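Student: Please read through the structure below; I'll follow up with questions.
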Amino acid sequence: MNKVLLITGAGRGIGAATAKLAAAQGYDVAINYQRDDAAAASVVAAVQAADRRGIAIKGDMAREDDIARMFKTVDDELGRLTHLVYNAGITGGYGRLEEADPAMMRYVLELNVLGALLCVQAAIPRMSVKHGGAGGAMVMLSSMAASLGSPGEYIWYAASKGGIDSMTVGLSKELAADGIRVNAVAPGLIATDIHPPGRLDRLAPTMPIARAGTAEEVAPSILFLLSEASSYTTGTILRVSGGR
């Protein structure tokens with residue numbers, strides 16, 4: 001079976017590392033991104049260098065029309081979807097809740113939570129055995145922020161990732177009969193550009209493993225949950241957090 005994987009927010013960071021590893025493991029990969037054309041093109045080039053088909057689709061996962069266009073592009077250029085990783089997400093800002101801009105928080109929730117729901121909603125009829133699909137697997141990107149709460153940093157982001165955790169549990173039960181497994185990965189302190197300046201340096205020494213992780217250390221867990229090696233695993237939230 002041809003494995004067709006869509007990864008949202010895959011121009012850089014964990015999404016990009018996941019796309020490259022997926023290509024090495026035999027997936028054709030559609031890479032969604034929002035801004036950086038050059039970064040997305042670089043990821044597509046890496047996928048194609050692994051002798052797999054790769055495409056980049058620009059779009060904002062907080063916009064329903066962009067989501068619809070993205071899935072149609074995958075249909076037209078790669079064929080029927082078999083795997084999904086919802087990785088698109090932002091913190092939106094940094095600080096105490098009392099100082100946070102409501103418009104910023106609204107956009108974080110629309111992108112991180114509603115975007116995930118809409119992407120899964122679009123993926124189900126393409127993947128479900130009830131609709132003639134082959135079944136498959138979805139991985140949602142959560143965060144250790146969902147468990148830690150992120151006080152004084154970005155409680156709204158932590159809340160959005162708590163939504164991802166609840167979504168993962170519910171979808172795993174709702175979609176089991178559709179032949180779709182749904183799991184999540186909750187990264188901890190990972191060295192990507194999601195962090196404000198100085199945060200990694202401040203927090204890394206406090207970790208049980210006294211350093212930040214890398215995107216390349218998160219990607220294998222995502223690929224495991226996509227693969228048949230985890231065929232009896234659904235509804236799991238796997239922490240990749242250096243012991244935090």
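Student: Checking the structure you have, find out if any residue of the stretch 188-202 is farther than 25 Å from residue 2 by Cα, touching a Lys or Arg at 6+ places or on another chain (Cβ under 9 Å), buried (at least 17 other Cβ atoms within 10 Å of the Cβ) and modelled with pLDDT of 95 or more.
Tutor: No - not one qualifying residue is present in the stretch 188-202.
Student: Related question: Out of all the residues in the stretch 88-104, is one or more within 28 Å of residue 228 (Cα to Cα) and either out of contact with any Lys or Arg (no Cβ under 7 Å at 6 or more places or on another chain) or touching a residue at least 40 places away in the same chain (Cβ under 8 Å) (or both)? Before you say what the answer is, go through the steps one by one.
Tutor: If we filter the stretch 88-104 for residues that are within 28 Å of residue 228 (Cα to Cα), which is where we start, we get 88-89.
Imposing the further condition that a residue be either out of contact with any Lys or Arg (no Cβ under 7 Å at 6 or more places or on another chain) or touching a residue at least 40 places away in the same chain (Cβ under 8 Å) (or both) reduces the set to 88-89.
Yes: the stretch 88-104 contains one or more residues that are within 28 Å of residue 228 (Cα to Cα) and either out of contact with any Lys or Arg (no Cβ under 7 Å at 6 or more places or on another chain) or touching a residue at least 40 places away in the same chain (Cβ under 8 Å) (or both).
Student: Right, here's the next one. Which of the residues belonging to the stretch 203-225 are in a loop (DSSP other than H, G, I, E, B) and either in contact with a helix residue (DSSP H, G or I) (Cβ under 7 Å, 6 or more places away or on another chain) or surrounded by fewer than 16 Cβ atoms within 10 Å (Cβ to Cβ) (or both)? Step through it out loud before you land on a result.
Tutor: At the first step, the residues of the stretch 203-225 found to be in a loop (DSSP other than H, G, I, E, B) are 207-212, 214.
Passing the criteria: 208, 209, 210, 211, 212, 214.
Student: Is it the case that some residue within the stretch 15-24 is part of a loop (DSSP other than H, G, I, E, B), under 17 Å from the mean Cα position of the chain (by Cα) and not hydroxyl-bearing (Ser, Thr, Tyr)? If you could, list the steps in order and put the result at the bottom.
Tutor: Start the filter on the stretch 15-24 by keeping residues that are part of a loop (DSSP other than H, G, I, E, B), which leaves none.
No, the stretch 15-24 has no match at all.
Student: Return yes when residue 180 is buried (at least 18 other Cβ atoms within 10 Å of the Cβ), in contact with a strand residue (DSSP E or B) (Cβ under 7 Å, 6 or more places away or on another chain), among the β-branched types (Val, Ile, Thr) and closer than 22 Å to residue 39 by Cβ and no when it is not.
Tutor: Numbers: buried (at least 18 other Cβ atoms within 10 Å of the Cβ): yes; in contact with a strand residue (DSSP E or B) (Cβ under 7 Å, 6 or more places away or on another chain): yes; among the β-branched types (Val, Ile, Thr): yes; closer than 22 Å to residue 39 by Cβ: no.
In short, no.
Student: Something else now. So is residue 14 of a type outside the set (D, E, K, R) and under 28 Å from residue 132 (Cα atoms) or not? Can you show your working first?
Tutor: Numbers: of a type outside the set (D, E, K, R): yes; under 28 Å from residue 132 (Cα atoms): no.
Criteria not met by residue 14.
Student: Additional query: Among the residues of the stretch 171-198, how many are under 17 Å from the mean Cα position of the chain (by Cα) and either under 19 Å from residue 114 (Cβ atoms) or part of a helix (DSSP H, G or I) (or both)?
Tutor: 4
Student: Another one. Hey, among 9, 13, which residue is of a type outside the set (A, V, I, L, M, F, W, C), surrounded by 20 or more Cβ atoms within 10 Å (Cβ to Cβ) and touching a Ser or Thr at 6+ places or on another chain (Cβ under 9 Å)? Full working, then the answer.
Tutor: Numbers: 9 fails: touching a Ser or Thr at 6+ places or on another chain (Cβ under 9 Å).
Of 9, 13, the one residue that is of a type outside the set (A, V, I, L, M, F, W, C), surrounded by 20 or more Cβ atoms within 10 Å (Cβ to Cβ) and touching a Ser or Thr at 6+ places or on another chain (Cβ under 9 Å) is 13.
Student: Right, another one. With of a type outside the set (S, T, N, Q) and either on the phi > 0 side of the Ramachandran plot or at pLDDT below 95 (or both) as the only criterion, which of 170, 149, 162, 115 stands out?
Tutor: Numbers: 170 fails: either on the phi > 0 side of the Ramachandran plot or at pLDDT below 95 (or both); 162 fails: either on the phi > 0 side of the Ramachandran plot or at pLDDT below 95 (or both); 115 fails: either on the phi > 0 side of the Ramachandran plot or at pLDDT below 95 (or both).
Matching residue, one of 170, 149, 162, 115: 149.
Student: Which pairs turn up if I take residues in the stretch 167-194 that are closer than 21 Å to residue 125 by Cα and among the acidic types (Asp, Glu) and look for partners that are modelled with pLDDT of 95 or more and outside any helix (DSSP H, G or I) with beta carbon separation below 6 Å, at least 6 apart in sequence or on another chain?
Tutor: Matching pairs, first to second residue: 178/128.
Student: So which of 12, 63 is within 27 Å of residue 224 (Cα to Cα) and of a type in the set (D, E, K, R)?
Tutor: On the way: 63 fails: within 27 Å of residue 224 (Cα to Cα).
Residue meeting the stated conditions: 12.
Student: Determine the pairs where a residue that is buried (at least 24 other Cβ atoms within 10 Å of the Cβ), located within the stretch 136-148, has a partner that is aromatic (Phe, Trp, Tyr) with Cβ atoms under 7 Å apart, the partner being 6 or more residues away or on another chain.
Tutor: Cβ pairs passing all conditions: 140/86; 141/86.
The values are calculated or read from the model by the stated rules, or taken from the named source; none is laboratory data. Remember, predicted model here, so these are calculated numbers, not experimental data. So basically every Cβ, Gly included, is an ideal-geometry build from the backbone, and we count neighbours across all protein chains shown.
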